[in-house]
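Read through the structure below, which is laid out as structure tokens, and then see the notes.
The values are calculated or read from the model by the stated rules, or taken from the named source; none is laboratory data. Quick caveat, the model's predicted, so the values are computed rather than measured. No Cβ is skipped: glycine too gets one built from the backbone with ideal geometry, and neighbour counts run over all protein chains shown.
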């Protein structure tokens, strides 16, 4: 089947052309607005301030900022696979969509916990960065379940305070200084709103 025939098949009838185009433009506009407001382009970077785009990550950012890891590792160095470009961005997309859904629906827990894929990634990244220190440590494939049965240990079972400290939860660091989110409201609109109040 030729591509031109596919487009011809998908093209709406003439009397539906305007409503279909209007609806598509509306959805495209909403998508672009959501892309802009969520600062989505920042998620392609390694900047740790990106993690504060979600207000619930403030304790994690603040505790990392005061840890020894701050000097040598960003959030992505620990929480995203490092063995290939494709694995990195596939995981970022998959995990980012999961996080966006949780935070949009406001179903985030009071205490942030890693899910199974995240546990495996962080464990592998710990072992890769510290391989000269952990040659004596067992290389058992660790998961939350087999760890509970004593079949293996996660690095943070012993190193609990690295890098986020031992206090967890949304209220753990209420006065922590973290970067403020930039306003998604365009400057011209802010000025207009300011002028209408005066």
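Go through segment 160-172 and report how many residues are modelled with pLDDT of 75 or more and either within 20 Å of the chain's Cα centre (by Cα) or under 20 Å from residue 48 (Cβ atoms) (or both).
Total satisfying the criteria: 5.
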Between a first residue in segment 177-198 that is at pLDDT 80 or above and a second residue that is not in a helix (DSSP H, G or I), which pairs have beta carbons less than 9 Å apart while being 6 or more apart in sequence or on different chains? 190/183; 193/185
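Test residue 4 against the criterion of being surrounded by 11 or more Cβ atoms within 10 Å (Cβ to Cβ) and in a helix (DSSP H, G or I), and give yes or no. Even if it seems obvious, please write down each step before you answer.
Working: surrounded by 11 or more Cβ atoms within 10 Å (Cβ to Cβ): no; in a helix (DSSP H, G or I): yes.
Taking the combined requirement at face value, the residue does not satisfy it.
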Quick test of your reading of the structure: residue 29 fulfils all but one of (1) farther than 25 Å from residue 109 by Cβ; (2) crowded, with 18+ Cβ neighbours inside 10 Å. Name the failing condition by number. (2)
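Name the residues in segment 90-108 that are outside any helix (DSSP H, G or I), touching a helix residue (DSSP H, G or I) at 6+ places or on another chain (Cβ under 9 Å) and surrounded by fewer than 13 Cβ atoms within 10 Å (Cβ to Cβ), would you? Show your work before the answer.
Taking segment 90-108 and keeping what is outside any helix (DSSP H, G or I), we get 105-108.
So of that shortlist, the ones also touching a helix residue (DSSP H, G or I) at 6+ places or on another chain (Cβ under 9 Å) come out as 107-108.
Once the filter is applied, which keeps residues that are outside any helix (DSSP H, G or I), touching a helix residue (DSSP H, G or I) at 6+ places or on another chain (Cβ under 9 Å) and surrounded by fewer than 13 Cβ atoms within 10 Å (Cβ to Cβ), segment 90-108 yields only 107.
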Looking at segment 81-89, is at least one residue part of a loop (DSSP other than H, G, I, E, B), buried (at least 18 other Cβ atoms within 10 Å of the Cβ) and modelled with pLDDT of 90 or more? yes
Filtered residues of segment 28-65 (kept if assigned to a loop (DSSP other than H, G, I, E, B) and free of Cβ contacts under 8 Å to residues at least 24 places away in the same chain): 45
